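Colleague: Okay, handing you the structure first.
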Amino acid sequence: MDGVVDHLADERNKAQFDVEEMKIVWAGSRHVFELSDRIARLVASDPVFRKDNRATLSRKDLFKNTLRKAAHAWKRIIELRLSEEEASKLRFYVDEAAFTDLHWGMFVPAIKGQATEEQQQKWLPLAYKMQIIGCYAQTELGHGSNVQGLETTATFDPQTDEFDIHSPTLTSSKWWPGGLGKVSTHAVVYARLITDGQEHGVHGFIVQLRSLDDHLPLPGITIGDIGMKFGNGAYNTMDNGVTRNGKCVRSNVPRQLIYGTMVFVRQTIVSDASCALSRAVCIATRYSAVRRQFGSQNGGVETQVIDYKTQQNRLFPLLAAAYAFRFVGEWLKWLYTDVTQRLQANDFSTLPEAHACTAGLKSLTTTFTADAIEECRKLCGGHGYLCSSGLPELFAVYVPACTYEGDNVVLLLQVARFLMKTVSQLGSEKKPVGTTAYMGRVEHLMQCRCSVQKAEDWLNPNTILEAFEARTARMSVAVAQKLAQFANPEEGFLELSPNLVEASVAHCQLIVVSKFIEKLQQDIPGKGVKELLGMLCNIYALNILHKHLGDFLSTGSITPKQGSLANDQLRSLYSQVRPNAIALVDAFNYTDHYLGSVLGRYDGNVYPKLYEEAWKDPLNDSVVPDGYHEYIRPLLKNQLRNARL
Ligand SMILES: CCCCCCCC/C=C\CCCCCC(=O)SCCNC(=O)CCNC(=O)[C@H](O)C(C)(C)COP(=O)(O)OP(=O)(O)OC[C@H]1O[C@@H](n2cnc3c(N)ncnc32)[C@H](O)[C@@H]1OP(=O)(O)O
Ligand SMILES: Cc1cc2nc3c(=O)[nH]c(=O)nc-3n(C[C@H](O)[C@H](O)[C@H](O)COP(=O)(O)OP(=O)(O)OC[C@H]3O[C@@H](n4cnc5c(N)ncnc54)[C@H](O)[C@@H]3O)c2cc1C
């Protein structure tokens, strides 16, 4: 900021907490903060990583530019001898969906989690050095959610000691895998295993797709890109592939581990949700403090739009959710590490809970974040619709997260199965543990009464927790009782699936709230940091209570009067957060390069930069547009009838 006017300085001076300490809480530790800060600046200062031209490049140029960036990133990683942690941060801050996401995010984890030791020794060194580039080829044209319905076959031929991978139908073509279309040399392909004419379900196979000499597909393999996707620049930096046929090398692991990669990736997607959400919120918050509309008295300045209660009511719950998702993401990472260690010791007992938590939280956080990015665009008024706001691209890149790695509704139905199983076991020897431990107090939760009498009573974490637990327990038990009336449970499950999904959402919201409350029980240093986090936790919880009031009232978990008091408390919390809003988004420590938004600039110098940015559009290369002589002039001169169009 040297020599630059900080238009948001007054806002920063209002902060009532230690921003530097909050940056460390957000990062997770001082080590991660320092590392992220260093790598973010490295990326921001490198001209190869510029991204302000993405919206105007053609698909081919966009894609080639992504290849250039990925190659440059790898060069820098080698030159600077970056650790795995630093390298992954570097890719994060380059901020461009690319084949490397799938290579490092799915191909390598799939080999680590599912391949035998011998296979790992063969493939991992090659993958780590990027001497092979891999992708994750599960989804087919005909089946994505229904993994057991995949049609690709892998038939073992004992004579050659090989598997013959075959796509017997058009719908069995692998369709969607990122990186597959143009870049990957190898893939973990999911196929139905057949030996001695017998089927053994879906397994993963490492398949070489392209020659390592000239990049041509190997004989019998047809590969291409599936075509343009939603949004202009956005996700079109990625090649998503279609392929048929191939030969491969043997793999054999326990059935439960086949799904392990999905559990891992869903866990990373929850952390990514807090990044995407915080980024949108940072843009909308800074711009809301810069933007003024109405309210000028005697020729004075107009009101900052962030001071309107409606703006706060839309924006601050999103800010609170960004922090909430950060902390639940941290916890989920711990849960994943724990389940992985157990699996290595052949202990599968916590896998169902890990599956339910990763599936449910992936669904909850991505749905919320996609909606929130769009809300942030609207919070920025007309300028939010400009590509230079960064929000349209962020939305287009982010929104498929609601679909990939498991459609969000399909995933909530998995949570519902887990919940219904838990309810059905109540009263048996098997006591609910972990995130369903509250079900162990179901008798109390079915009849307890919320004690809130005045608005401030809602600031008690135990009060909030019990209201959320009662709501979820009552919704789950109610739907379980309805299910029990069906002679055929699967028929009942289909019929009641909307109610089941609602119970799952309630359960996942409870997890997020409870993990935020647990975070606040830790020792958190820094003036005012814990107080501010407490306010955000209350905003997150009370906003859900307000938005889902129907659930809380229909289950009798709270009274209408208590619902109204929660809303009064929310308004008061907004006023307390307001002076800290800019500092709370500064704590994300995003560089202007990473934010990629004129509206979210750190210095708040929005208008001159918007004006400057507009002139850079290729349409402004000439004053009179190309096409004037063919199409505009004849129109104006009434010569269209004679014109050759
Ligand atoms: C990549 C880096 C990440 C960073 C992201 C940011 C960058 C973005 C760039 C790119 C990212 C793009 C990545 C996208 C990658 C993909 O999309 S890969 C494809 C992912 N596909 C899916 O997720 C498919 C969704 N479908 C499923 O998960 C399942 O098949 C299903 C659970 C819906 C199937 O249901 P069903 O047929 O009823 O179950 P079964 O298969 O028969 O299994 C039954 C039992 O298995 C348990 N189970 C299911 N899944 C899991 C799991 N993942 N882990 C553990 N256990 C699982 C299930 O609960 C059943 O157990 P019980 O029998 O005990 O009830
Ligand atoms: C950008 C992007 C990247 C991707 N990358 C990869 C990749 O790298 N590798 C890979 O293998 N795949 C990848 N995929 C594929 C992705 O995993 C699937 O698209 C996803 O799992 C959803 O499956 P589907 O497309 O079959 O949806 P469908 O299952 O066809 O869903 C269609 C609709 O049906 C509903 N539905 C489906 N089943 C049920 C049910 N049982 N009950 C109620 N409703 C139901 C869904 O809710 C949805 O509304 C990617 C997809 C995208 C968009």
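Colleague: Scan region 75-98 and give yes if some residue there is crowded, with 16+ Cβ neighbours inside 10 Å, at positive phi and within 16 Å of ligand 1 (Cβ to nearest atom), otherwise no.
Modeller: Scanning region 75-98, I find at least one residue that is crowded, with 16+ Cβ neighbours inside 10 Å, at positive phi and within 16 Å of ligand 1 (Cβ to nearest atom), so the answer is yes.
Colleague: Considering only residues that are surrounded by 13 or more Cβ atoms within 10 Å (Cβ to Cβ) and of a type in the set (D, E, K, R), which ones fall in region 294-321?
Modeller: ASP307, ARG314
Colleague: Here is a list of conditions, (1) more than 19 Å from ALA416 (Cβ to Cβ); (2) in contact with a Ser or Thr (Cβ under 8 Å, 6 or more places away or on another chain), and LYS454 meets all of them except one; can you say which number that is?
Modeller: In the conditions (1) more than 19 Å from ALA416 (Cβ to Cβ); (2) in contact with a Ser or Thr (Cβ under 8 Å, 6 or more places away or on another chain), LYS454 misses (2) alone.
Colleague: Among the residues of region 224-269, write down those that are at pLDDT below 75 and either within 12 Å of ligand 2 (Cβ to nearest atom) or aromatic (Phe, Trp, Tyr) (or both).
Modeller: Passing the criteria: ALA234, TYR235, GLY241, THR243.
Colleague: Can you tell me which of GLU405, GLU393 is over 24 Å from PHE493 (Cα atoms), within 16 Å of ligand 2 (Cβ to nearest atom) and touching a residue at least 24 places away in the same chain (Cβ under 8 Å)?
Modeller: GLU393
Colleague: Let me confirm something: among VAL415, VAL477, VAL442, VAL410, which residue is surrounded by fewer than 23 Cβ atoms within 10 Å (Cβ to Cβ), within 16 Å of ligand 1 (Cβ to nearest atom) and hydrophobic (A, V, I, L, M, F, W, C)?
Modeller: So the residue among VAL415, VAL477, VAL442, VAL410 that is surrounded by fewer than 23 Cβ atoms within 10 Å (Cβ to Cβ), within 16 Å of ligand 1 (Cβ to nearest atom) and hydrophobic (A, V, I, L, M, F, W, C) is VAL410.
Colleague: Please specify each residue of region 331-356 satisfying the condition of being under 22 Å from LEU536 (Cβ atoms) and touching a helix residue (DSSP H, G or I) at 6+ places or on another chain (Cβ under 8 Å).
Modeller: Listed by number, the residues that qualify are TRP331, LEU332, LYS333.
Colleague: Could you please tell me which pairs satisfy a Cβ distance under 7 Å, a separation of 6+ or placement on different chains, a first residue in region 445-465 that is free of Cβ contacts under 8 Å to residues at least 24 places away in the same chain, and a second residue that is part of a helix (DSSP H, G or I)?
Modeller: The qualifying pairs are CYS448/GLU466; CYS448/ALA470; SER451/ASP457; SER451/THR463; THR463/ASP457.
Colleague: Here is a further query. Give the residues of region 304-363 that are at pLDDT below 95 and in a loop (DSSP other than H, G, I, E, B), sorted by residue number.
Modeller: If the condition is that a residue be at pLDDT below 95 and in a loop (DSSP other than H, G, I, E, B), then ALA345, ASN346, ASP347, PHE348, SER349, THR350 are the ones that fit.
Colleague: Still on this model: Sort out which residues of region 494-506 are out of contact with any Gly (no Cβ under 7 Å at 6 or more places or on another chain) and in contact (Cβ under 8 Å) with a residue 12 or more places away in the chain, and write them in order of number.
Modeller: Within region 494-506, LEU496, SER497, ASN499, LEU500, VAL501, GLU502, ALA503, VAL505, ALA506 qualify.
Colleague: Restricting to region 123-163, name every residue that is among the aromatic types (Phe, Trp, Tyr), surrounded by fewer than 20 Cβ atoms within 10 Å (Cβ to Cβ) and either at pLDDT below 95 or not assigned by the TED database to the domain that holds ALA187 (or both).
Modeller: The answer is PHE156, and nothing else.
Colleague: Out of THR100, THR139, THR116, THR171, I need the residue that is within 12 Å of ligand 2 (Cβ to nearest atom), touching a residue at least 24 places away in the same chain (Cβ under 8 Å) and farther than 16 Å from MET262 by Cβ. Which one?
Modeller: Going through THR100, THR139, THR116, THR171 in turn, just one is within 12 Å of ligand 2 (Cβ to nearest atom), touching a residue at least 24 places away in the same chain (Cβ under 8 Å) and farther than 16 Å from MET262 by Cβ: THR171.
Colleague: Follow-up question, since we're still on this one. May I ask you to say which residue of ALA127, ALA97, ALA71, ALA87 is in contact with a Phe, Trp or Tyr (Cβ under 8 Å, 6 or more places away or on another chain), hydrophobic (A, V, I, L, M, F, W, C) and farther than 18 Å from TRP176 by Cα?
Modeller: Exactly one of ALA127, ALA97, ALA71, ALA87 is in contact with a Phe, Trp or Tyr (Cβ under 8 Å, 6 or more places away or on another chain), hydrophobic (A, V, I, L, M, F, W, C) and farther than 18 Å from TRP176 by Cα, namely ALA127.
The values are calculated or read from the model by the stated rules, or taken from the named source; none is laboratory data. No experiment lies behind these values; they were computed from the predicted model shown. Because the Cβ atoms are built from the backbone with ideal geometry, glycine has one as well, and the counts that use them run over all protein chains shown.
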